[in-house]
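A short worksheet on the structure shown next.
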Amino acid sequence: MTKQIIFAITLLLTLGAFAYTVNRIVSFFRFTRPAFPVKNFGKRFGVMMNVAFGQTKIFRKPVIGFFHALVFWGFCIIIFGSLEMLIDGLTGTERVLKALGPVYNIIMASGDIFALLVAVSIIIFLARRIFFHIKRFEGIEMNKMTHIDANIALSIILILMISLLTMNIGYVKYNSQIGEATVGLFPVSSLIAGFITEGQAESFSLMYQASWWCHILLIFLFANLLPYSKHFHVFMSVPNVFLSRLDPLGKLPNMDSITREVKLMLDPNAAFAAQPSDAPVERFGVKDAEDASWKNYFDSLSCTQCGRCTSVCPANITGKKLSPRKIMMDLRARMKEKGPLMVKNGRDFSDNRSLLRDFISEEEIWACTTCNACAKECPININHPTLIVDIRRYLVMEEASAPGEIKAMFNNIENNGAPWQYSAEDRLNWAKELDINMK
Ligand code: SF4
Ligand code: SF4
């Protein structure tokens, strides 16, 4: 009973802290703008199964992608064991899911094998980060804290897997010492247990109990650290893929307010029919975090900082300042900075800083070719160009600010109806000396 009470208190504290953090993050979403209506659930489910659970985009880098997929699939299996631990801890039962019979054996055996595979994968990830110079993990946005954050999260996962294995080994050994049958199958732990020839039943019982507590307490700690870490993607990536933008990558979203204006210009009669309820536009494009859409912000929270987007960005590769990963990290950082201030003082609060310029420079924004390579490569379907283009829209439409070449093009479109500096009447001059009937 004492164990149950301690467990219940610990779980309550964990849930309380987690609920506080989630509520804080959710409260920032109410400052964001609409993106697209979430429909086509069948298609979304297919994308989620393919990209998130199938890990298909991760496999574009086959070797390291394979290890990442092992970690993801391992988490999906091991979570059943964690759920059982929660129920056992609260109710005082022992391996409550054993009622599933043969299915239980499969789940436990898979979890035991995956614990080893995940541990090996994490050691490889840590070794890559600590001992090898991986270009993808470098960049102006990748400071010392981002590396420490990643290493701490990986180390916690490693300890989680080790404690899971030692828990299983202790359980297997304890049962064999007292002559009891083991509930569930533990192929890896049984194999390792076979090499342990010394030890009393009490020692193995203690090993089992200590590992059990270590494992569950680390899960509680990890769950509360994740929202502050790049590893928040553990929670966010699957829903982010489900909420993917389903339009073709090259199709930029129109601005409703501008579309309406253009339609009114084309059909002046419609101007008189326009509903007075049409809300005034607060801002064209994106200047600060609250101008971004909820999907942009969701993307920023889901970003794993893997750098796959930046590694294929032609602007970045050719030495420009732009890094699509940084764009996502900047939006998250800016919302983390301004979100609490807006919660306290309202959406219109200004701290005289903004996403544009204090975090993302104009130089970065104009370096983008809108090629969409970043969005195509991102393993969790984050879409960077929509945000980049919206920041440009703010610059052009509210500040009339754009590089000289683009301004010249705007003038030409306005004056000549084409991006070139020739008048519309001269368009067919090139064909004058050709023997073509122009009528
Ligand atoms: S945006 Fe996508 S590809 Fe880029 S760092 Fe984040 S998760 Fe990786
Ligand atoms: S769309 Fe822009 S940010 Fe993305 S890869 Fe192309 S140039 Fe880079």
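The values are calculated or read from the model by the stated rules, or taken from the named source; none is laboratory data. Computed from a predicted model, the values in this text were never measured in an experiment. Note that each Cβ is placed from the backbone with ideal geometry, even for glycine, and that neighbours are counted across all protein chains shown.
Hey, Lys320 hits all of (1) touching a helix residue (DSSP H, G or I) at 6+ places or on another chain (Cβ under 6 Å); (2) more than 16 Å from ligand 1 (Cβ to nearest atom) but one; which does it fall short on?
If we test Lys320 against (1) touching a helix residue (DSSP H, G or I) at 6+ places or on another chain (Cβ under 6 Å); (2) more than 16 Å from ligand 1 (Cβ to nearest atom), just (1) comes out false.
Out of the stretch 371-429, which residues are acidic (Asp, Glu) and out of contact with any Asp or Glu (no Cβ under 8 Å at 6 or more places or on another chain)?
Matches in the stretch 371-429: Glu377, Glu398, Glu399, Glu405, Glu414, Glu425, Asp426.
Looking at Lys338, is it buried (at least 16 other Cβ atoms within 10 Å of the Cβ) and either within 16 Å of ligand 1 (Cβ to nearest atom) or in the same structural domain as Met145 (by TED's automatic domain parsing) (or both)?
no
Condition check ((1) touching a residue at least 12 places away in the same chain (Cβ under 8 Å); (2) among the small types (Gly, Ala, Ser); (3) within 11 Å of ligand 2 (Cβ to nearest atom); (4) over 29 Å from Lys61 (Cβ atoms)) across all residues:
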site	(1), (2), (3), (4)
Cys371	yes, no, yes, no
Asn383	yes, no, yes, no
Leu395	yes, no, no, yes
Glu399	no, no, no, yes
Glu405	no, no, no, yes
Glu414	no, no, no, yes
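Pick out the one residue from Lys39, Lys43 that is more than 30 Å from Asp348 (Cα to Cα), in contact (Cβ under 8 Å) with a residue 12 or more places away in the chain and not assigned by TED's automatic domain parsing to the domain that holds Ile382. Lay out the reasoning, then the answer.
Values: Lys39 fails: in contact (Cβ under 8 Å) with a residue 12 or more places away in the chain.
Just one listed residue meets the conditions, Lys43.
Could you figure out which of (1) modelled with pLDDT of 95 or more; (2) more than 15 Å from ligand 2 (Cβ to nearest atom) isn't true of Thr304?
Failed condition: (1).
Going by the structure shown, is Arg332 surrounded by 16 or more Cβ atoms within 10 Å (Cβ to Cβ), away from ligand 2 (no atom under 16 Å from the Cβ) and within 21 Å of the chain's Cα centre (by Cα)?
Values: surrounded by 16 or more Cβ atoms within 10 Å (Cβ to Cβ): yes; away from ligand 2 (no atom under 16 Å from the Cβ): yes; within 21 Å of the chain's Cα centre (by Cα): yes.
It is true that Arg332 is surrounded by 16 or more Cβ atoms within 10 Å (Cβ to Cβ), away from ligand 2 (no atom under 16 Å from the Cβ) and within 21 Å of the chain's Cα centre (by Cα).
Would you be able to tell me the number of residues in the stretch 192-249 that are among the hydroxyl-bearing types (Ser, Thr, Tyr), in a loop (DSSP other than H, G, I, E, B) and within 16 Å of ligand 1 (Cβ to nearest atom)? Working first, answer last.
Applying the first criterion (among the hydroxyl-bearing types (Ser, Thr, Tyr)) to the stretch 192-249 yields 197, 203, 205, 208, 211, 228-229, 237, 244.
Next, only the ones that are in a loop (DSSP other than H, G, I, E, B) stay: 197, 229, 244.
Okay, now just the ones that are also within 16 Å of ligand 1 (Cβ to nearest atom), so 229, 244.
Total satisfying the criteria: 2.
Of all residues being among the aliphatic types (A, V, I, L, M) and in contact with a strand residue (DSSP E or B) (Cβ under 9 Å, 6 or more places away or on another chain) in the stretch 323-377, which is nearest to Thr21 (Cα to Cα)? Just the residue, please.
Leu331
Quick one: count up the residues across the stretch 177-223 that are touching a residue at least 60 places away in the same chain (Cβ under 8 Å) and small (Gly, Ala, Ser). Let's see the steps before the verdict.
First, pick out the residues of the stretch 177-223 that are touching a residue at least 60 places away in the same chain (Cβ under 8 Å): 183-189, 212, 215-223.
From what's left, small (Gly, Ala, Ser): 184, 189, 223.
Here the count works out to 3.
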